[in-house]
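Participant: Mind having a look at this structure? Questions to follow.
Every number here is computed from the coordinates shown, using simple stated rules; none is lab data. Model, not experiment: these values are computed from the prediction. Here Cβ is always computed from backbone atoms with ideal geometry, including for glycine, and neighbour counts include all displayed protein chains.
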Amino acid sequence: MKKAAIIGMGVISPIHIAAIEGNPEITLVGVCDTDKRSTCAAPEHVPFYTDYRAMIAETKPDVVHICLPHYLHAPVSMEAAELGVHVFCEKPVAMNTGEAEKFAEFEAAHPDIHIGVCLQNRFNESVEMLKELIDGGEYGAVTGVRGTVPWYRSKEYYDVAPWRGRWDTAGGGCMINQAVHTLDLMYHLGGEISGLKAVTAQLLDYGIEVEDTVSAVINYTNGAHGMFMATNANYTNESTQLSVQLEKGAFLIMDNTLYRIGADGTKETLCTDARLPGSKFYYGASHSKLIGRFYQALEEDSQDYLHVRDAVMSIRLIDAIQESGRTGQKVVL
Ligand SMILES: NC(=O)c1ccc[n+]([C@@H]2O[C@H](COP(=O)([O-])OP(=O)(O)OC[C@H]3O[C@@H](n4cnc5c(N)ncnc54)[C@H](O)[C@@H]3O)[C@@H](O)[C@H]2O)c1
């Protein structure tokens with residue numbers, strides 16, 4: 001039995017609570033938020049703290065879940081790890097490439113501490129199956145990848161948590177906060193990336209600092225062509241789409257379903273993701289699966305989870321898109 005504690009009791013915390021409370025191998029021993037109003041999300045039987053250091057000292061968790069604003073992810077994770085506590089950190093792994101690389105170096109220097117990163121969509125059944133199909137080689141090399149994130153965030157979303165709209169607390173907008181999952185999958189499924197050219201924009205008049213819309217052409221090292229489009233300025237949250245074209249086949253993930261696309265455009269369903277009742281569909285349903293796998297890796301002292309080093313490329317891609325958007329130039333990775 002492992003003891004878990006959560007730091008940051010905002011919007012995402014109920015998903016972590018559900019994953020912990022639904023796993024008989026984990027006990028939630030403490031939750032923490034500097035804002036006492038966040039107690040509403042905490043189960044009554046679990047002690048609530050406003051200081052995470054006091055919580056760690058008193059409850060002695062095996063793992064802390066980091067559900068904090070982005071600028072606190074790497075520093076608080078590393079502080080907890082220095083105290084000998086394993087860490088399960090929400091995405092993004094860091095605010096920028098420099099911080100992500102330092103965090104990965106820290107991880108390598110602390111092999112006894114497990115630090116898992118919550119890029120849960122890698123564990124969607126549709127993504128796992130597509131990865132197997134691609135890696136199996138039957139369909140040949142990847143020749144094209146398209147990732148689309150047509151989402152909506154209201155002005156209130158930024159007003160209630162102003163850190164989300166600021167460079168110094170969020171590190172960016174629709175990419176680092178929303179589309180990071182899709183960018184990560186474009187790399188995870190499509191392979192090494194050599195460069196990209198992008199435009200970034202602020203289309204909504206919310207008075208925030210960060211981008212709400214981006215598009216990028218992504219060049220894969222093997223010559224494949226990638227197209228990435230993400231926005232928080234759609235009229236609603238529609239399904240992300242991920243298309244992968246291979247030499248001998250084409251696949252699409254949409255509405256949490258993996259399709260094989262026939263030569264005539266017909267869609268054959270290959271698998272559908274598990275659903276997580278009560279969770280927003282656009283989070284994907286794999287938080288519990290990834291959290292369960294992380295705790296199992298702890299139990300078995302295995303490395304079978306998503307490490308900090310696995311998440312660094314998602315931040316490199318975001319930084320490259322930001323740079324290309326600023327300069328109008330292609331960025332080599
Ligand atoms: N994996 C996913 O699909 C997914 C989905 C949504 C959010 N997230 C991530 O979860 C994280 C939190 O997002 P959110 O939307 O829940 O944000 P939020 O603003 O709703 O919650 C953050 C909480 O942290 C608290 N906090 C701030 N500083 C603190 C400190 N020093 N000590 C303790 N508590 C502190 C705030 O009071 C707030 O309640 C972000 O990193 C976000 O990117 C991930």
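Participant: Order these by the 10 Å Cβ neighbour count, fewest first: 3, 60.
Facilitator: By the 10 Å Cβ count, ascending: 60, 3.
Participant: Per residue of segment 154-169, what does 6.51 cos²θ - 1.76 cosθ + 1.60 with θ = phi - 60° give for ³J(HN,Hα)? Whole Hz please, x for Gly and Pro, Karplus curve as stated.
Facilitator: Couplings: 6, 4, 4, 3, 7, 5, 6, 9, x, 4, 5, x, 10, 4, 6, 10 Hz.
Participant: Another question about this same structure. Which entries in 2/91; 155/267; 91/197; 3/102 show an alpha-carbon gap greater than 30 Å?
Facilitator: Going by Cα-Cα distance, 155/267 fall outside the 30 Å limit.
Participant: Would you mind listing how long segment 100-140 runs along its three principal axes, going by Cα atoms, in whole Å with the largest first?
Facilitator: Projected onto its principal axes, the Cα set of segment 100-140 covers 39, 20, 19 Å.
Participant: Along segment 129-143, what does the Karplus equation 6.51 cos²θ - 1.76 cosθ + 1.60 (θ = phi - 60°) give for ³J(HN,Hα), rounded to whole Hz, x for Gly and Pro?
Facilitator: 5, 5, 4, 5, 5, 5, 5, x, x, 4, 9, x, 7, 5, 10
Participant: Here is a follow-up. To the nearest 20 Debye, how big is the dipole of the chain about its Cα centre, given +1 on the beta carbon of each Lys and Arg and -1 on that of each Asp and Glu?
Facilitator: 660 debye
Participant: Post the alpha-carbon centroid distance, segment 82-151 to segment 218-254, in whole angstrom.
Facilitator: So the separation of the two Cα centres works out to 18 Å.
Participant: To the nearest 20 debye, what is the magnitude of the charge dipole of segment 2-119 about its Cα centre, counting +1 on the Cβ of each Lys and Arg and -1 on the Cβ of each Asp and Glu?
Facilitator: Its charge dipole is roughly 240 debye.
Participant: Tally Lys/Arg at +1 and Asp/Glu at -1 over every other residue whose Cβ is under 14 Å from the Cβ of residue 201; what's the total?
Facilitator: Here the charged neighbours net out to -3.
Participant: Report the gain in length on full extension from residue 39 to residue 275: 0.36 nm times residue separation, minus Cα-Cα distance, nm rounded to one decimal.
Facilitator: This chain segment gains 82.3 nm when fully extended.
Participant: Further question: As I understand it, the dipole of the chain uses +1 on the Cβ of Lys and Arg and -1 on the Cβ of Asp and Glu, about the Cα centre. Which of 46, 106, 183 lies farthest toward its positive end?
Facilitator: 183
Participant: Determine the sum of side-chain charges near residue 106: Lys and Arg each +1, Asp and Glu each -1, restricted to other residues whose C-beta is under 12 angstrom from that of residue 106.
Facilitator: Once all neighbours under 12 Å are counted, the net charge is -4.
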